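Please read the structure below before turning to the comments.
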2 protein chains.
Amino acid sequence: MNDAVTQETLLTPLLTRLQEALGADAVLTGESDTAGYTEDWRGRYRGEALCVVLPSSTEQVSDIVKLCAAAGVSILPQGGNTSLCGGAVPPTHGPAPVILNLARMRHIRQVDAANGSMVVEAGCILNTVQDAAADVGRLYPVSLGAEGSCQIGGTLSTNAGGTSVLRYGNTRENVLGLEVVLADGTIWDGLRALRKDNTGIDLKHLFIGAEGTLGIVTAAALKLHPLPTHHSLAWFAPRDPAAAQQILGMFQNACGSRLSAFEIMNRHQLDLVLANVPNRRNPLTDAHAWHVLVELGDTRDAEGLEAVLTETLGAAIEQGLVEDAVIAANETQRADLWEVRHSVSEANKKAAIGLTTDCAVPVSSVPEFIDASTRAVHAIVPGLDIAIVGHMGDGNVHFIPMFSFDAWAALADSAAMGDAMRAAVNDVAARLSGTFSAEHGVGQTGLPLMQRYKAPAELALMRTVKAALDPNQLFNPGRLVP
Amino acid sequence: MNDAVTQETLLTPLLTRLQEALGADAVLTGESDTAGYTEDWRGRYRGEALCVVLPSSTEQVSDIVKLCAAAGVSILPQGGNTSLCGGAVPPTHGPAPVILNLARMRHIRQVDAANGSMVVEAGCILNTVQDAAADVGRLYPVSLGAEGSCQIGGTLSTNAGGTSVLRYGNTRENVLGLEVVLADGTIWDGLRALRKDNTGIDLKHLFIGAEGTLGIVTAAALKLHPLPTHHSLAWFAPRDPAAAQQILGMFQNACGSRLSAFEIMNRHQLDLVLANVPNRRNPLTDAHAWHVLVELGDTRDAEGLEAVLTETLGAAIEQGLVEDAVIAANETQRADLWEVRHSVSEANKKAAIGLTTDCAVPVSSVPEFIDASTRAVHAIVPGLDIAIVGHMGDGNVHFIPMFSFDAWAALADSAAMGDAMRAAVNDVAARLSGTFSAEHGVGQTGLPLMQRYKAPAELALMRTVKAALDPNQLFNPGRLVP
């Protein structure tokens, strides 16, 4: 307690100055007010914060940065606090940072349909941005489970993936420009909404995916796309993952960029959904070892997207690659099939202890990744259930060893088991030139893995960049680069 | 001469060491051997080099970097020497660098059709890469005039644009990973061919478009796309640039990503082509003030791309936006119409002195950019001819004030006139939140413009990155960031 008292005494001037700069209602200090900011939404990570500040403008963010820098107190930038790896909350140990939450910066500054761009502040909810784009007949394509609560700034700082990467790329590919507050409080206005600009180092890419360690993103110019108006979806059972990969290639050749989703899951994953989420049913008549959801989208339907889907699936059936298939006959059926896919997280949480992994490998190596990871996991626990669900078109497979609650509780050292299982899977990905984090980011979970899997030259280069842009470790110290 | 002798005496050990490391045939020193490397292909820029080295492997590049660093001699990395702004040759003044040309590193290390990726060395000619992709039924989409001689490393270091940016993005968007030799000779192997990888700062973007100032790109993992097999093309006369912009929006809405080119030129530009290049003719019956080439591409043709084109153009005609239009009836006609577009450089070079600019503005501001630039140029020389040709879909317009050879020769100070004209146009772009270099890069031409148009905060950030990654100014000193 002495330490805490001392710290509080020393820091009182900073709190006072922050209140003067922002107004008292924008500086939260009491435990009850800050609880929603210091713990992640799944309750797995919790840390202390000196206070939570809620700036309303870029200038206020700059003021906060200068005040904290002067006081030697670090800043943890925070969006909607929806991280899956503890990236949005303070560390359990170490000095308490100021949490800088961008929720009050939620202004849409500009929408330019003709240019296919919009400028939004970092605190805008992803859903709000998608809707504003759709209002002018355009698409902001980034889409993910947390879109109703995650903020644009968070999606930028983690280079969020989601379900439309196959067609539109990650968040990074959908950003034209950024506004960022740097470690000395300077505001960098890089909000150019240009398709082409070759005038020096492309600085925006430093901040995208940097998880708030190099600067605070306060606004972004986003890229909009023509709005697809027609969709067609099928659910089918490929013979095995190798067949699924072959069919993916057939769809790419036949449909080009109409192909907007190619999601795979194994039988155990589907069974968990059917057993644990009400009103879900197997889209096919029989049980099958593997299942794929494939979707096409387009801005027109003169030829019938469904006909293209049928034709391509027909060719795959003819080659003996598909055991059974069904095509959504209408929008309701399409929504129902997506519901099965979207029920995975809910089902797994209810069913058992799932050791989630987030690997990506080259698409051509997905079958080998699944085989080798299965062998590696079963070498530790023979016959263990494994749920497999993934964005196959991106080479991103969530390979999830599953322990029943009883079996998990009975383990002598469950933490060690978790580490061993994840290491077994991540090692396979590394051997196949893959990555341990395809879309979730590093956060707190991935930090030890950076040391294990990244080449020393790459870590050294990241440290050099960090030291150059944030020499006093003001932003998220200790995060991202170990 | 004394200075040169002294320098040569001092540097003899470096030349000897380079010859030992690479073999004598890989170190060029005589003027006749180095001439093709020290002068740009248009003969506008020329500088001295200590020697030209031709490494055959990444390890040799690393050796060269270490030897030059130890000797305190800078390195100018060079690809096919096709820069349009003097970016690939040494400066006229200042210490002579070692030119490190990547031509001998031209191995295609891997082609993975299923993953949609290939790994190539930096010295591969762009055409070779395109062909290797097509051989496995895939597309490497970057395409530009110099593709028969430019090297992949050069296209990466300049983030090359070209004619397919509207559909596939710049070079940057088509790179999955890089191999780079850093300023201390370290080889960073970032050749991951993954669609998703969120494990720290995305370092490859530091080197793409950095014009060789931060490291030497030795190899790249490139992104391949499904190969479009069908195309349809039209040439039409929009009422004016505002109508052209409106029609662009109609095509984007109706055709989505089928739209692969939307190129505009004015009547004067077309007249120059017709007058100066044999066998070119006006695609339309009458003279018109504005001309647009629009092309659709797709992986299938079940509905008839031509029908889509006709339908969309028909709607534009009905709204009074189009004065006349013609659709290519076959591949020969399509090639002929592209020839008219591709003849622009040849025509302009023969016809007059053209003061080329390379601005991009938001697509929605293109009509205003053309109007305001015309007024600004005519305020300097009333009634001056102006050729306008551009990638309208990217907001990238080459606005070219044209002087007859006689008028140019008669000017008291033609250099000052050139500067004034370019400044007039670039100022308009800057006012419209645009850029002075959309696709050509900075090189030597653009260096003074960086100081004029980039915000101090942005230049400072670039200098910070440069100082961190290349603290001793080994790579291309003085380039890119003034």
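Between residues in the stretch A:447-468 that are within 7 Å of chain B (Cβ to nearest Cβ) and in contact (Cβ under 8 Å) with a residue 60 or more places away in the chain and residues that are of a type in the set (Val, Ile, Thr) and not in a helix (DSSP H, G or I), which pairs lie under 7 Å by C-beta distance while being six or more apart or on different chains?
Correct list of pairs: A:VAL465/B:ILE201.
What is the one condition in (1) touching a Ser or Thr at 6+ places or on another chain (Cβ under 7 Å); (2) at pLDDT 95 or above; (3) within 14 Å of another protein chain (Cβ to nearest Cβ) that A:VAL52 does not satisfy?
(3)
Checking A:ASN348 against (1) in contact with a Leu (Cβ under 8 Å, 6 or more places away or on another chain); (2) within 14 Å of chain B (Cβ to nearest Cβ), which single condition isn't satisfied?
(2)
Can you name every one of the helices (runs of 4 or more DSSP H) wholly within the stretch B:197-284 that holds 1 or more residues which are under 30 Å from A:PHE207 (Cα atoms) and in contact with a helix residue (DSSP H, G or I) (Cβ under 6 Å, 6 or more places away or on another chain)? Before the answer, list the steps.
Working: elements: B:204-207, B:241-255, B:267-276.
Result: B:204-207.
Which residue out of B:GLY145, B:GLY123, B:GLY161 is at pLDDT below 95, buried (at least 24 other Cβ atoms within 10 Å of the Cβ) and in a loop (DSSP other than H, G, I, E, B)? Step through it out loud before you land on a result.
On the way: B:GLY145 fails: buried (at least 24 other Cβ atoms within 10 Å of the Cβ); B:GLY123 fails: at pLDDT below 95.
After applying the criteria, what remains is B:GLY161.
Residue by residue through the stretch B:335-365, note down the ones that are within 27 Å of B:MET417 (Cβ to Cβ), crowded, with 19+ Cβ neighbours inside 10 Å and of a type outside the set (Ser, Thr, Tyr).
Hits for the stretch B:335-365 are B:VAL344, B:ALA347, B:ASN348, B:ALA351, B:ALA352, B:ILE353, B:GLY354, B:LEU355, B:ASP358, B:CYS359, B:ALA360, B:VAL361.
Can you find, within the stretch A:90-120, the residue that is farthest from A:GLY148 (Cα to Cα) among those that are surrounded by fewer than 18 Cβ atoms within 10 Å (Cβ to Cβ) and of a type in the set (Val, Ile, Thr)?
A:THR92
Yes/no matrix, rows are residues, columns are (1) in contact (Cβ under 8 Å) with a residue 12 or more places away in the chain; (2) facing chain B (nearest Cβ under 7 Å); (3) touching a strand residue (DSSP E or B) at 6+ places or on another chain (Cβ under 8 Å); (4) within 17 Å of A:THR128 (Cα to Cα):
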{"residue": "A:GLY148", "(1), (2), (3), (4)": "yes, no, yes, yes"}
{"residue": "A:ILE152", "(1), (2), (3), (4)": "yes, no, yes, yes"}
{"residue": "A:LEU176", "(1), (2), (3), (4)": "yes, no, yes, no"}
{"residue": "A:VAL180", "(1), (2), (3), (4)": "yes, no, yes, no"}
{"residue": "A:ASN198", "(1), (2), (3), (4)": "no, yes, yes, no"}
{"residue": "A:GLY209", "(1), (2), (3), (4)": "yes, yes, no, no"}
{"residue": "A:THR213", "(1), (2), (3), (4)": "yes, no, yes, no"}
{"residue": "A:THR218", "(1), (2), (3), (4)": "yes, no, yes, yes"}
{"residue": "A:HIS231", "(1), (2), (3), (4)": "yes, no, yes, no"}
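What number of residues within the stretch B:320-334 satisfy the criterion of being crowded, with 16+ Cβ neighbours inside 10 Å, assigned to a loop (DSSP other than H, G, I, E, B) and small (Gly, Ala, Ser)?
Adding up the residues that qualify gives 1.
Could you please let me know if B:THR213 is more than 24 Å from A:THR464 (Cα to Cα), surrounded by 21 or more Cβ atoms within 10 Å (Cβ to Cβ) and of a type in the set (Ser, Thr, Tyr)? Talk me through it step by step, then tell me what you get.
Working: more than 24 Å from A:THR464 (Cα to Cα): no; surrounded by 21 or more Cβ atoms within 10 Å (Cβ to Cβ): yes; of a type in the set (Ser, Thr, Tyr): yes.
When the stated conditions are applied, B:THR213 does not pass them.
Taking the stretch B:423-446, which residues are touching an Asp or Glu at 6+ places or on another chain (Cβ under 8 Å), more than 8 Å from every other protein chain (Cβ to nearest Cβ) and either under 13 Å from B:PRO482 (Cβ atoms) or part of a helix (DSSP H, G or I) (or both)? Reasoning before the result, please.
First, the residues of the stretch B:423-446 that are touching an Asp or Glu at 6+ places or on another chain (Cβ under 8 Å): B:432, B:435-443.
Imposing the further condition that a residue be more than 8 Å from every other protein chain (Cβ to nearest Cβ) reduces the set to B:432, B:443.
B:GLY443, the sole residue that qualifies.
Report yes if some residue within the stretch A:354-365 is in a helix (DSSP H, G or I) and more than 18 Å from A:LEU259 (Cα to Cα); otherwise report no. Can you show your working first?
Narrowing the stretch A:354-365 to residues in a helix (DSSP H, G or I): A:363-365.
Checking the rest, the ones that are also more than 18 Å from A:LEU259 (Cα to Cα) come to A:365.
Taking every residue of the stretch A:354-365 in turn, at least one turns out to be in a helix (DSSP H, G or I) and more than 18 Å from A:LEU259 (Cα to Cα).
Would you mind stating whether B:PRO226 is more than 30 Å from B:PHE399 (Cβ to Cβ) and either at the interface with chain A (Cβ under 8 Å from one of its Cβ atoms) or surrounded by fewer than 24 Cβ atoms within 10 Å (Cβ to Cβ) (or both)?
Values: more than 30 Å from B:PHE399 (Cβ to Cβ): yes; either at the interface with chain A (Cβ under 8 Å from one of its Cβ atoms) or surrounded by fewer than 24 Cβ atoms within 10 Å (Cβ to Cβ) (or both): yes.
Yes; evaluated as a whole, the condition is true for this residue.
Restricting to the stretch A:109-126, and then to whatever is touching a strand residue (DSSP E or B) at 6+ places or on another chain (Cβ under 8 Å) and polar (S, T, N, Q), can you tell me which residue is farthest from the other protein chains (Cβ to nearest Cβ)?
Filtering the stretch A:109-126 down to residues touching a strand residue (DSSP E or B) at 6+ places or on another chain (Cβ under 8 Å) leaves A:109-113, A:116-126.
After this cut, where a residue has to be polar (S, T, N, Q) as well, the list is A:110, A:117.
Details: A:GLN110: 10, A:SER117: 7 Å.
Of everything passing the filter in the stretch A:109-126, A:GLN110 is farthest from the other protein chains (Cβ to nearest Cβ).
What are the residue pairs meeting all of these: first residue in the stretch A:329-353, first residue farther than 10 Å from A:GLN269 by Cα, second residue at pLDDT 95 or above and surrounded by fewer than 14 Cβ atoms within 10 Å (Cβ to Cβ), Cβ atoms under 6 Å, and 6 or more apart or on different chains?
From the stretch A:329-353, the pairs are A:ALA352/A:SER404.
Starting from the stretch A:277-304, keep only residues that are at the interface with another protein chain (Cβ under 9 Å from one of its Cβ atoms) and among the β-branched types (Val, Ile, Thr), then list their pairs with residues that are buried (at least 18 other Cβ atoms within 10 Å of the Cβ) and part of a loop (DSSP other than H, G, I, E, B) whose Cβ atoms are within a distance under 6 Å, requiring at least 6 positions of separation or different chains.
Hits for this filter: A:THR299/A:PRO228.
The values are calculated or read from the model by the stated rules, or taken from the named source; none is laboratory data. Source: prediction; values computed, not measured. So basically every Cβ, Gly included, is an ideal-geometry build from the backbone, and we count neighbours across all protein chains shown.
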